[in-house]
1. Checking the conditions here, which among B:Asn274, B:Asn249, B:Asn324 is closer than 28 Å to A:Asp58 by Cβ and among the polar types (S, T, N, Q)?
2. Show the residue pairs meeting these rules: Cβ distance below 7 Å; 6+ apart or different chains; first residue within the range A:101-125 and on the phi > 0 side of the Ramachandran plot; second residue open to solvent by 20 Å² or more (accessible area, probe 1.4 Å).
3. Condition (residue is within 27 Å of the chain's Cα centre (by Cα), open to solvent by less than 20 Å² (accessible area, probe 1.4 Å) and more than 14 Å from every other protein chain (Cβ to nearest Cβ)) applied to the range B:325-339: is it met by at least one residue?
4. What do you reckon, is B:Ser358 more than 14 Å from chain A (Cβ to nearest Cβ), of a type in the set (S, T, N, Q) and surrounded by 24 or more Cβ atoms within 10 Å (Cβ to Cβ)?
5. Determine if the range B:231-248 includes at least one residue that is on the phi > 0 side of the Ramachandran plot and of a type in the set (Gly, Ala, Ser).
6. Of the residues in the range B:139-168, how many are farther than 26 Å from B:Asp87 by Cα, surrounded by 14 or more Cβ atoms within 10 Å (Cβ to Cβ) and not polar (S, T, N, Q)?
7. Quick check on this structure: which one of A:Ser71, A:Ser48, A:Ser32, A:Ser76 is farther than 22 Å from B:Arg325 by Cα, within 14 Å of chain B (Cβ to nearest Cβ) and surrounded by fewer than 21 Cβ atoms within 10 Å (Cβ to Cβ)?
8. From the list B:Leu23, B:Leu41, pick out the single residue that is modelled with pLDDT of 90 or more and open to solvent by 10 Å² or more (accessible area, probe 1.4 Å).
Amino acid sequence: MNEIIKTENLRRTFQVGSEEVHALRGIWFAISRGEFVSIMGTSGSGKSTLLNILGCLDRPTAGEYYIDGISVSKRSKDELSEIRNRKIGFVFQSYNLLARTSALENVELPLLYNSSVSAKERRERAVRALEQVGLADRMQHFPNQLSGGQQQRVAIARALVNDPVILLADEATGNLDTRTSYEIMSLFQDLNEAGKTIAFVTHEQDIAAFTTRSILLRDGQITKDTCLKPQSAKVALEALTN
Amino acid sequence: MNIINLIKLAYRALIRNKTRAFLTALGIIIGISSVIAMVSLGQSSQRSINDQISSMGTNLITVMRSNQRSGGVNVGSANVQTLTEKDVDAITARAKYVSAASPFVQASGQLVNGANNAPGSIQGGNTQYLGIRKYEIAEGANFTDQDIRSAAKVCLVGKTVITNLFPNGEDPVGKIIRFNKIPIKIIGVLKSKGQNQMGMDQDDVVIMPYSTIQKRILAITYIHQIVVSATSETTANLATDEIESILRNTHKLKAGQEDDFQVRTQQEMLEMMNSVTGFLTALLAAIASISLIVGGIGIMNIMYVTVTERTKEIGLRMSIGARNRDIMWQFLCESIILSLIGGIFGILLGLLISYIASALLNWPFSISVPAVALSFVVCAATGIFFGWYPAKKAASLDPINALRYE
């Protein structure tokens, strides 16, 4: 299965008062294993709605959505929870770490909802995920003792810990300064090179430049889908320093 | 999520807000402790009453004169003179379930020994009287049938009377005291029995042959009551029936005519007292449980606040794979633990209160295991009942909105 994500004529309609708002008007696309896709669009373009559906937080009004070959459209709430738990890693703009909870415990959180993972394995996997994002020396720190960039790294480790088929990042650099943004993008690039499939929602052109493919949404439809020769975030970082 | 993780999670959430958790639990502590204290004090008082009634003998039966009507006018029982020693003889001779019967007459007046005096009540009976009323002789001897026949001026006295009349501690046996100017010789001292269930001092007593009181003090030929001892507790009711038919016979009452006497068993007394104290206990417990409900509402209130405060956390947990029931259990667990902690401290506090109160009131202290067990169940139920809606609210949040909640 090379297509991690596949949508067929995805539609989402919201009922606002007596008016129907069409957030998505038929989305056809697929993401293959190993791709680093940026989803761009102005606010109101439907990119949040698309991300919610891709993240199995919401169900489409019509159309089909497959993640890792599994059809999602007709699943129950509990089944969607399980898909989120096993297949998806979320990274949010505002990190969403639990306060007064150590980095390690924050990272362990998704595995708590997976009864097939023992306490010992949970701890080991969380440690490995934190090492992967370069926070091996910050495991016992609370979020308020970490910088914004470090907090986002903890959040990325949390998204990685369940070994998801895809990482979904929602404006993951939106709260960070340019330098830290580039550092985070560099981390995403490393993860992508290691084989992770990543979908990255952003509205910043320079961030999208670090990805291998860019999808542009406008008024609930894909208007542009281009493959890119990605810029290296490390090079951009060095340029910033000089 | 397994139960251990749920408990850890709840524990941590509560520790994070120690003061708030404590104040919320305080409502439950007060509620449970007052229920426990009330029930346990009620039972203590009931037990103390039972003990005392039993110490008087639960096979005790009393025959009293009943109210009489004269031409439709209730003339009360004071002037009724229908009970006589012949009734006692008939009961002793004919009743199968009676082990002993004694006439009972009483008089009151001033007891005098030289310069010391005290108001006293004198009870008269036959030689069986001590056994029926469960009195025992500490020193000296009971009066005899000969004393009864001759209306001898002898008496047995209780500890309180001795303290009042012989303050210097001399041996009272053989001494002469005066009752309404009549000299009476003390021939024995009774063992102490303490107070009875009405709070009356059972040691403030002088016991004499009933004939002496009849002839030398009151100048009457009838007797006030008959006290009877049934062969056992279980035969008390049978003995009551026998006594009724014997007395109807000796009093020559025709069928349809009202009894001119009434027969009371100690058992009835016990039941009456129990129903009174039982009602009081239930009433107090009901009032106390109102505070438990208020405490439960406190939990509900705080859980609502907690859910609102942690909306974002709920959204995050859902997005990383928590099912609705995981979220539900997380909050339910928190409220159950909160109320159980309140319950444990409430039970301890309640027992402490009832222990101190029992000690002050001189009641036997009793831990009511069912009340404690019930309180624990009530606590858990309070946690579930009042935690349910907030937890349900948390579980039904939409993850997308919850994540965006500020």
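1. After ruling out the rest, the residue left standing is B:Asn324.
2. Hits for this filter: zero, empty list.
3. no
4. Against the criterion (more than 14 Å from chain A (Cβ to nearest Cβ), of a type in the set (S, T, N, Q) and surrounded by 24 or more Cβ atoms within 10 Å (Cβ to Cβ)), B:Ser358 does not qualify.
5. No, the range B:231-248 contains no residue that is on the phi > 0 side of the Ramachandran plot and of a type in the set (Gly, Ala, Ser).
6. Total satisfying the criteria: 8.
7. Testing whether each residue is farther than 22 Å from B:Arg325 by Cα, within 14 Å of chain B (Cβ to nearest Cβ) and surrounded by fewer than 21 Cβ atoms within 10 Å (Cβ to Cβ) leaves just A:Ser48.
8. B:Leu23
The values are calculated or read from the model by the stated rules, or taken from the named source; none is laboratory data. Not measured: the values here are computed from a predicted model. With ideal geometry, Cβ positions are generated from the backbone for all residues, glycine too; neighbour counts draw on all protein chains shown. Please note that ligands, DNA and RNA were not included when accessible areas were found on the heavy atoms of the full protein model with its side chains. Shrake-Rupley method; radii C 1.70, N 1.55, O 1.52, S 1.80 Å.
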